[in-house]
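Structure first, commentary second.
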Amino acid sequence: MLTTDRLTIRPLEPSLIAELKEHYTVHQRFLNHIEKLSIDPTLKGWDAWIVQLKDGTYIGDIGFKGKPDAALEIEVGYGFQADYRGHGYATESVRALLDHVYRDYPNIVVKAECLKDNFASQRVLMKLGFEATREDDELIYWKKFNA
């Protein structure tokens, strides 16, 4: 579990799904993540993390899209409920996750991608020190090296 001044960030696991079901509609993708974890428990921490306010309110999720590849690269992603966008929660939670992974894997390169018209996501990535490396018709691709 990771904590910041305003947030609690927990890796997705079966017990957390049960807790979330009490108050929220659980997305099918969370259930898919749990299924993957049941097949390969070493994915824990390299998969989805749930972001909650300190009072337990679920506001979004962040995470990696699997374990690092042979080149020690990994992709990060994030999404927040509409009411909680624009308050710095994405930047705060992803920063905590990056700090966590860089402690154990200082040479890892973190990648991200976002739609060209998703200016909010672009601002998050820039604040976190990501650099745009290329783009295509729809997406901008980013990388961050541990500073």
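The values are calculated or read from the model by the stated rules, or taken from the named source; none is laboratory data. Just so it is clear, the model here is predicted, and its values are computed rather than measured. Cβ sites come from the backbone with ideal geometry, for glycine too, and all protein chains shown count toward neighbours.
Would you mention how many residues in the stretch 99-137 are part of a helix (DSSP H, G or I) and either touching a His at 6+ places or on another chain (Cβ under 9 Å) or on the phi > 0 side of the Ramachandran plot (or both)?
0
So L53 passes all but one of these: (1) touching an Asp or Glu at 6+ places or on another chain (Cβ under 9 Å); (2) farther than 21 Å from K36 by Cβ. Which condition number does it fail?
So the condition that L53 fails would be (1).
If you scan the stretch 60-73, which residues turn out to be buried (at least 20 other Cβ atoms within 10 Å of the Cβ) and hydrophobic (A, V, I, L, M, F, W, C)?
Of everything in the stretch 60-73, those that are buried (at least 20 other Cβ atoms within 10 Å of the Cβ) and hydrophobic (A, V, I, L, M, F, W, C) turn out to be I62, F64.
Inside the stretch 48-73, can you point out the residues that are without any contact (Cβ under 8 Å) to a residue 40 or more places away in the chain and basic (K, R)?
K65, K67
Just one of the numbered conditions (1) at pLDDT 95 or above; (2) in contact with a Pro (Cβ under 8 Å, 6 or more places away or on another chain) is not true of D47; which one?
(1)
Please enumerate the residues belonging to the stretch 45-57 that are out of contact with any helix residue (DSSP H, G or I) (no Cβ under 6 Å at 6 or more places or on another chain) and in a loop (DSSP other than H, G, I, E, B).
Scanning the stretch 45-57 gives G45, W46, K54, D55, G56, T57.
Mind checking whether some residue in the stretch 89-108 is over 12 Å from the mean Cα position of the chain (by Cα), buried (at least 16 other Cβ atoms within 10 Å of the Cβ) and over 21 Å from T8 (Cα atoms)?
The answer is yes, given that some residue of the stretch 89-108 is over 12 Å from the mean Cα position of the chain (by Cα), buried (at least 16 other Cβ atoms within 10 Å of the Cβ) and over 21 Å from T8 (Cα atoms).
Under the condition of being surrounded by 12 or more Cβ atoms within 10 Å (Cβ to Cβ) and among the acidic types (D, E), which residue from the stretch 1-56 is nearest to Y89 (Cα to Cα)?
Per the stated criteria, the residue is D47.
Among the residues that make up the stretch 74-97, is at least one of them in contact with a strand residue (DSSP E or B) (Cβ under 7 Å, 6 or more places away or on another chain), more than 21 Å from L128 (Cα to Cα) and assigned to a strand (DSSP E or B)?
No, the stretch 74-97 contains no residue that is in contact with a strand residue (DSSP E or B) (Cβ under 7 Å, 6 or more places away or on another chain), more than 21 Å from L128 (Cα to Cα) and assigned to a strand (DSSP E or B).
Residue under question is G60, and the condition is that it be within 15 Å of T8 (Cβ to Cβ), part of a loop (DSSP other than H, G, I, E, B), at pLDDT below 95 and among the small types (G, A, S); does it hold?
no
Within the stretch 98-110, identify whether any single residue is basic (K, R) and under 30 Å from E135 (Cβ atoms), and answer yes or no.
no
Has the stretch 129-142 got any residue that is within 21 Å of D5 (Cα to Cα) and touching a strand residue (DSSP E or B) at 6+ places or on another chain (Cβ under 9 Å)?
yes
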